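The values are calculated or read from the model by the stated rules, or taken from the named source; none is laboratory data. Note that the structure is a prediction, hence the values are computed from the model and not measured. All Cβ positions, even for glycine, are placed from backbone atoms using ideal geometry, and neighbour counts span all protein chains on display. Calculation scope for accessible area: heavy atoms of the full protein, side chains included, ligands and nucleic acids excluded. Shrake-Rupley method; radii C 1.70, N 1.55, O 1.52, S 1.80 Å.
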Amino acid sequence: MKKSHEVITVTRPYLPNLDTFKGMVDEIWANRWLTNQGPLHQKFEKAIADIFDESQITLTVNGHMALDIMLKGLAITGEVITTPFTFASTAHAITMNGLTPVFCDVDENSLTLDPNQIESLITEKTSAILPVHVYGFPCDVSRIDVIAKKHKLKVLYDAAHTFGCRLNGKALATYGDVSMLSFHATKLFHSIEGGALVYGDTSYKCLFDAYKNFGIEGEEKIDYIGLNAKMNEFQAAMGLCVLTDLPDILHERAAITKRYRERLTDVSGIRMFRADEIPNYEYNYAYLPVLFDSQKFGKSRDDVYVQLKKNGVFSRKYFYPLVTEFGCYANQFSPKDTPIAHKAASQILCLPIYNGLGLNDVDRICDVICSR
Ligand SMILES: *Cc1c(COP(=O)(O)O)cnc(C)c1O
């Protein structure tokens with residue numbers, strides 16, 4: 001329980017039991033193997049493969065490098081259809097690889113890529129669709145799959161928010177050709193920094209593993225112009241420790257979400273999401289996004305943000321601005337081309353959710369939001 005003057009941040013890194021982590025560090029000392037697919041890396045990779053239904057796994061130093069490797073490794077060319085309602089990483093990975101992002105609007109209910117609008121954006125230059133399961137809300141994977149097959153496109157998911165999500169009994173990140181995960185400290189599951197690629201095609205394993213290690217396939221065999229994106233042993237140790245606690249992490253986040261729901265669902269002008277009620281879906285409660293309709297609610301999203309801040313509560317306008325409004329992409333794209341995403345970006349606020357956030361803290365946050 002936090003005192004009323006204590007600040008509450010939007011997220012807080014999860015720390016596993018310190019002695020467990022120290023035990024792993026002792027192992028690293030004994031092995032004297034610090035990076036380059038060491039024993040803990042191998043153990044962590046195996047553990048992740050188990051969670052992802054025996055998919056192929058390539059661990060990386062962070063999620064962004066995983067996105068980069070999947071675009072480079074699969075030699076994606078030309079145009080990539082994606083969403084503007086995402087973290088900077090998604091679009092930057094595309095443009096930094098010399099590709100052109102083509103921004104498709106999102107569906108109003110899920111805030112993920114609207115399958116009805118994808119086909120009209122496909123040209124002869126399109127080679128892939130890169131949707132984002134934003135906040136852990138599942139994209140319409142089956143319709144996207146049909147469109148991709150029809151036009152012979154790759155489906156590459158930014159699944160950074162999906163750890164622990166399962167659709168129809170399968171991990172959400174196992175849909176599509178390849179999915180990228182982020183294990184950043186601020187994500188619900190983490191390895192300090194870290195990431196992974198999840199895929200079914202066994203032939204990709206050598207390719208992606210080589211790409212993250214300078215393109216090296218064997219002592220005297222270097223056939224790819226790769227980069228250095230290897231996960232080290234300390235990251236793997238943290239990942240293994242946090243993984244043990246995953247069931248508790250998800251359980252606690254569900255309880256926090258429930259409390260927010262009880263307090264805010266029926267408030268006029270506030271819209272909450274219910275990803276946990278999607279049929280055959282197990283949600284991970286990764287984020288707590290709320291939309292504020294200023295007309296109905298009487299206060300704008302920005303008003304709420306400022307008011308919370310004055311009361312020591314740091315929420316985040318996640319995702320505002322839209323990628324298409326970033327200074328680095330100025331004059332290249334128009335936010336008006338994706339009106340639903342544009343509107344969502346103006347109304348969205350992510351409220352604090354992390355392990356250790358008390359239900360009384362949630363009450364304190366909701367009291368501020370609802371105060372006049
Ligand atoms: C966190 C995140 C990334 C990047 O992952 P890192 O591990 O921080 O490099 C990419 N896409 C989305 C949607 C993210 O939230």
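Annotations for the structure displayed:
- Net charge of the neighbourhood of His151, taken over other residues with C-beta under 15 Å away and scored Lys/Arg +1, Asp/Glu -1, is +1.
- Taking 14 Å as the straight-line reach from the Cα of Lys343, the aspartates and glutamates in range (excluding those fewer than 8 positions away in the same chain) are Asp105, Asp107, Glu108, Asp293, Asp302, Glu325.
- Applying D = kT/(6 pi eta Rh) to the chain, where Rh is the Kirkwood radius over alpha-carbon pairs, T corresponds to 25 °C and eta to 0.890 mPa s, the Stokes-Einstein value obtained is 114 µm²/s.
- Full-extension gain in nm, Val7 to Asn331, via 0.36 nm per residue minus C-alpha separation: 112.8 nm
- Whole-number accessible area per residue in Å² for the chain, which is evaluated in the context of all protein chains at 1.4 Å: 44
- Label reach from Val306 (point 7 Å along Cα→C-beta): in the stretch 341-359, amide nitrogens under 18 Å belong to 346-350.
- For the stretch 137-190, chymotrypsin sites (Phe, Trp or Tyr not before Pro) meeting the loop criterion (DSSP other than H, G, I, E, B) and having at most 16 other Cβ atoms within 10 Å: none.
- Carbon and sulfur %, accessible surface of the stretch 8-79 computed with the full protein complex present, 1.4 Å: 58
- Approximate spin-label separation Lys258-Gln295, in nm, with each point projected 7 Å along Cα-to-Cβ: 3.6
- Cα centroid of the stretch 109-160 to Cα centroid of the stretch 177-247, whole Å: 23
- Cα-Cα over 29 Å, subset of Lys125/Lys230; Lys170/Lys299; Lys296/Lys317; Lys152/Lys230; Lys22/Lys258: Lys125/Lys230; Lys170/Lys299; Lys152/Lys230; Lys22/Lys258
- Each Lys and Arg Cβ is given +1 and each Asp and Glu Cβ -1; about its Cα centre, the stretch 1-156 then shows a dipole of about 360 debye.
- Alpha-carbon centroid distance for the pair the stretch 310-372 / the stretch 279-304, whole angstrom: 8
- Ranked by how many other beta carbons lie within 10 Å on average, peptides 283-291, 90-98 from highest: 283-291, 90-98
- The slack in the chain from Glu217 to Tyr281, taken as 0.36 nm per residue of separation less the alpha-carbon distance, amounts to 19.2 nm.
- Distant-in-sequence amide H partners of Thr112 (H built 1.01 Å from N, under 5 Å): Asp107
- Hypothetical label at Thr100: residues of the stretch 314-353 whose amide nitrogen lies under 12 Å (7 Å Cα-Cβ projection): 333
- Amide H to amide H distances under 5 Å link Val102 with Val80, Ile81, Thr82, where only residues 5 or more positions off or on other chains count and H is placed in the peptide plane.
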